[in-house]
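A.B. asks: The structure under discussion is supplied below as C-alpha cells; questions concerning it will follow.
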Amino acid sequence: MSLINRMLQDLDARAGQPGAAPLPSDVRPVPAPARAWPLNRVAIAAGVAAVVTAAGFAGWRFFKPKATPAPVAVAAPAAAPVLKPAAPAAAVPVVAFEVPVAPRQDLAGPAAPVAEAAQVDAPAPVAKPAAPVAAKAAIKPASPVAAKPVRPAAAKPVAPAKGGREETPTQRAENAYRRALASLEDGRVTEAIAGLQAALKVDPRHEPARQTLVGLLVEAKRLDEAMRQLQAGLALDPAQPAMAMLLARLQIERGGSGIETLMRSLPHAAGNGDYHAFLAGALAREGRQREAAEHYGAALRTAPQNGVWWMGLGISLQAEKRNLEAAGAFQKALDSGTLSGELQGFVERKLKQLNR
C-alpha cells in the first residue's frame with residue numbers, strides 16, 4: 001500500500017498539452033490542353049496514302065504472270081535428292097557385326113538379330129549386380145534405423161505438456177505481472193500497462209498488478225481509467241482502505257464528495273487514523289460537521305499528538321457552536337508543536353475569536 005499512499009501525496013499540479021495546428025489544404029495542378037492536328041496536314045497524308053495504294057496495285061498486276069513458273073521448276077529437283085541418300089543410309093549400320101552369325105540374308109534379316117542380341121546381352125549383366133546391391137543396401141541400414149527412432153519417440157514429450165496445462169490462472173497472472181515489471185524497468189511504459197491489464201484479465205484479484213497499473217495510469221493522467229480500475233478492485237474486495245482513499249481523492253478532484261466510497265470501506269479501517277481523518281475532512285467539506293467531529297476524535301485516539309487533526313476537530317466543533325470544546329481542541333493543536341507557521345497563525349486567530 002506504500003504505492004497508493006505515495007500517490008495520495010502526489011496528485012497536484014497536472015496540466016494538459018496544447019493541440020496541434022491544422023495542416024494546409026492540398027494543391028491540385030491544372031491539366032494541360034490537348035493539341036489538335038491542322039487540317040492541311042490531314043489532307044496531304046490522305047493523298048499520299050491513295051497514291052501509294054494505286055502504285056502497289058499496278059505493280060502487282062505487272063509482275064503476276066512471271067511469278068507462277070518459278071515455284072514449279074524448283075519443286076521437281078527438290079524431291080530427287082531426298083530419295084537417293086535414304087537407301088545407303090539404311091545399308092550402312094547393318095553390315096559389320098552380324099556377318100559371321102548368319103551367311104547371307106536380306107538387309108531386313110540381320111537387323112532383327114542385332115536388336116535381339118542387344119536386348120539379351122545388355123540387361124543380363126546389368127540386372128545381376130543391381131539385385132544384390134539393392135538387397136544389401138536394404139537389409140543393412142534397415143535394422144539400425146528401425147531400432148533407434150522407437151526409443152526417443154516415447155521418451156519424455158508428454159511431461160512438459162502436462163506441466164503447461166497444470167498452470168493455474170494465478171500463476172499465469174503472476175508471470176504476466178513480472179513481464180510487465182520487466183518492461184517497466186526498461187522504460188516501456190505502454191507495454192507495461194498492457195501487460196498489467198492482461199494479468200488482471202487472467203486474475204482480477206491480483207492486487208499488486210492493479211496497484212501498479214493504477215499508479216501508471218495516474219502518472220499518465222489517465223484518471224478515468226485509474227478510477228475504473230480502483231472501482232473494480234473495491235467491488236471485488238472492499239477491505240482495501242488505501243485504495244478507497246485514493247479513489248475518493250480522485251472523485252473529490254473531479255467535483256464529487258468521495259464520502260460513499262469511504263463509507264463502504266469504513267468497516268475495514270478500524271484503528272486507521274489516516275482513514276478516519278480523511279473521511280472527517282470529506283464530511284466537513286459537505287457541511288456534515290457533527291459526523292466530521294466524531295471521525296476526527298477517532299483519528300486522534302490513534303495519534304494524540306497530531307496537531308492538524310486537533311485543528312480540524314476545533315473547526316468542526318466551532319461550526320456546531322460547541323465553542324468551549326473547540327477552544328480546547330485549538331489549544332491542543334498549538335501545544336503539539338507540529339503545525340506549520342501558517343497553520344499556527346490560523347489557530348491563534350481562532351483562539352482569540354473564541355476567548356472574547
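Values quoted throughout were computed directly from the atomic coordinates according to the rules given, and no laboratory measurement underlies them. Keep in mind that what you see is a predicted model, and the values were worked out from it rather than measured.
A.B. asks: Take the alpha carbon gyration tensor of the range 168-223, find the square roots of its eigenvalues, order them as a ≥ b ≥ c, and report rounded if a/c is under 1.5; if not, report prolate when a/b exceeds b/c, else oblate.
C.D. replies: Here the range 168-223 falls in the oblate category.
A.B. asks: With θ set to phi - 60° and the Karplus curve 6.51 cos²θ - 1.76 cosθ + 1.60, what are the ³J(HN,Hα) couplings of the range 221-226 in order, to the nearest whole Hz, using x for Gly and Pro?
C.D. replies: Computed from phi, the couplings for the range 221-226 are 6, 9, 5, 4, 5, 4 Hz.
A.B. asks: At q = 0.13, 0.16 Å⁻¹, what log₁₀ I(q)/I(0) does a Debye calculation on the Cα points of the range 200-356 give, no solvent, two decimals?
C.D. replies: The Cα Debye sum returns log10 ratios of -0.67, -0.89.
A.B. asks: Return the sequence-ordered ³J(HN,Hα) values of the range 248-259 in whole Hz as given by the Karplus equation 6.51 cos²θ - 1.76 cosθ + 1.60 applied to θ = phi - 60°, using x for Gly and Pro.
C.D. replies: 5, 5, 5, 5, 5, 5, 8, x, x, 9, x, 5
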